[in-house]
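K.L.:
For reference, the structure I am asking about is given below.
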Amino acid sequence: MKRGFAVVSKYATAGLNLPQRATKMAAGYDFEVAEDFTLPSIWKLPFIKILASLYMKRQLTDHDYEEATAILKPLLVPTGIKAYMGENEYLMIANRSSNPLKRGMILPNGVGIIDADYVDNDKNEGEIFIQMVNWGIRDMHLKKGERIGQGIFMPFLVTDDDATQEKNDRTGGFGSSGVH
């Protein structure tokens, strides 16, 4: 099986760049934003209101919590890119090291894991989105082509009894491997 990247059909004519390593020794392939995208700051009124209410020990309603949670929810930044890899590999999506320090942008899950069967299955072409939260004071306006994260191809190992455990075929996209 080959290993590499392709543009998803939605962005076929958008002139996107495939991820590339910036230097000879770089481990990660830089991912760019597929289209202009605004990543709002978490410091909006509902979140500030909840912090103030907690500080003042005021009673909060379910509505207060829902509003604050909506502000804190990570957003999926589109890359327009899909990845191909071998069966015993995955693509680890990591933040750019400069994002938290210079821009206040973090990956709330630490890293993203793109499984080999995420691409081109029955219900999903495999576009990679990078989950982000903006801890900065101002909204972050990302421009198409800005580097947002990096992908590193990694091998993985399985347990001795892995072949005896029943597994399902992936039939969907983001978050579709959980079958509880």
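The values are calculated or read from the model by the stated rules, or taken from the named source; none is laboratory data. None of the values given here were measured: they were computed from a predicted structure. Positions of Cβ are backbone-derived with ideal geometry, glycine not excepted, and every protein chain shown enters the neighbour counts.
K.L.:
Pick from LYS82, LYS102: which is of a type in the set (D, E, K, R) and either out of contact with any strand residue (DSSP E or B) (no Cβ under 6 Å at 6 or more places or on another chain) or at pLDDT below 95 (or both)?
P.N.:
LYS102
K.L.:
Report, by residue number, each residue of segment 1-51 that is farther than 27 Å from ASN124 by Cα and touching a Lys or Arg at 6+ places or on another chain (Cβ under 7 Å).
P.N.:
SER41 - this is the single residue of segment 1-51 that is farther than 27 Å from ASN124 by Cα and touching a Lys or Arg at 6+ places or on another chain (Cβ under 7 Å).
K.L.:
A further question follows. Tell me which residues, restricted to segment 1-20, are of a type outside the set (Gly, Ala, Ser) and modelled with pLDDT of 95 or more.
P.N.:
Within segment 1-20, ARG3, PHE5, VAL7, VAL8, LYS10, TYR11, THR13, LEU16, ASN17, LEU18, PRO19, GLN20 meet the criteria.
K.L.:
Next up: Kindly indicate whether GLY110 is part of a loop (DSSP other than H, G, I, E, B), among the small types (Gly, Ala, Ser) and within 20 Å of GLY86 (Cα to Cα). Give the derivation first.
P.N.:
Details: part of a loop (DSSP other than H, G, I, E, B): yes; among the small types (Gly, Ala, Ser): yes; within 20 Å of GLY86 (Cα to Cα): no.
So GLY110 does not fit the description; no.
K.L.:
While we're here: Being surrounded by fewer than 19 Cβ atoms within 10 Å (Cβ to Cβ), under 12 Å from the mean Cα position of the chain (by Cα) and either over 18 Å from PRO155 (Cα atoms) or not charged (D, E, K, R) (or both) is the requirement here; does LEU91 meet it?
P.N.:
no
K.L.:
Still on this structure, I have one more. Residues being over 26 Å from HIS141 (Cβ atoms) and at pLDDT below 85: count how many of those fall in segment 59-78.
P.N.:
0
K.L.:
Considering only segment 25-32, I want to know if a residue exists there that is among the aliphatic types (A, V, I, L, M) and part of a helix (DSSP H, G or I).
P.N.:
no
K.L.:
Additional query: Exactly one of these conditions fails for GLU127: (1) modelled with pLDDT of 95 or more; (2) in a helix (DSSP H, G or I); (3) of a type in the set (Asp, Glu). Give me its number.
P.N.:
Condition (2) is where GLU127 drops out.
K.L.:
If a residue must be of a type outside the set (Phe, Trp, Tyr) and either in contact with a strand residue (DSSP E or B) (Cβ under 8 Å, 6 or more places away or on another chain) or closer than 14 Å to LYS144 by Cα (or both), how many such residues does segment 27-61 contain?
P.N.:
Selection size over segment 27-61: 13.
K.L.:
Also: Just to check your reading of the model, which residue among ILE152, ILE48 is surrounded by 12 or more Cβ atoms within 10 Å (Cβ to Cβ) and part of a helix (DSSP H, G or I)?
P.N.:
Details: ILE152 fails: part of a helix (DSSP H, G or I).
So the residue among ILE152, ILE48 that is surrounded by 12 or more Cβ atoms within 10 Å (Cβ to Cβ) and part of a helix (DSSP H, G or I) is ILE48.
K.L.:
Tell me, yes or no, whether segment 96-115 has at least one residue that is in contact with a Pro (Cβ under 9 Å, 6 or more places away or on another chain), of a type in the set (S, T, N, Q) and buried (at least 20 other Cβ atoms within 10 Å of the Cβ).
P.N.:
No, because not a single residue in segment 96-115 is in contact with a Pro (Cβ under 9 Å, 6 or more places away or on another chain), of a type in the set (S, T, N, Q) and buried (at least 20 other Cβ atoms within 10 Å of the Cβ).
K.L.:
Check off (1) surrounded by 21 or more Cβ atoms within 10 Å (Cβ to Cβ); (2) touching a Leu at 6+ places or on another chain (Cβ under 7 Å) for TYR118 and give me the number that stays unchecked.
P.N.:
That leaves (2) as the condition not met.
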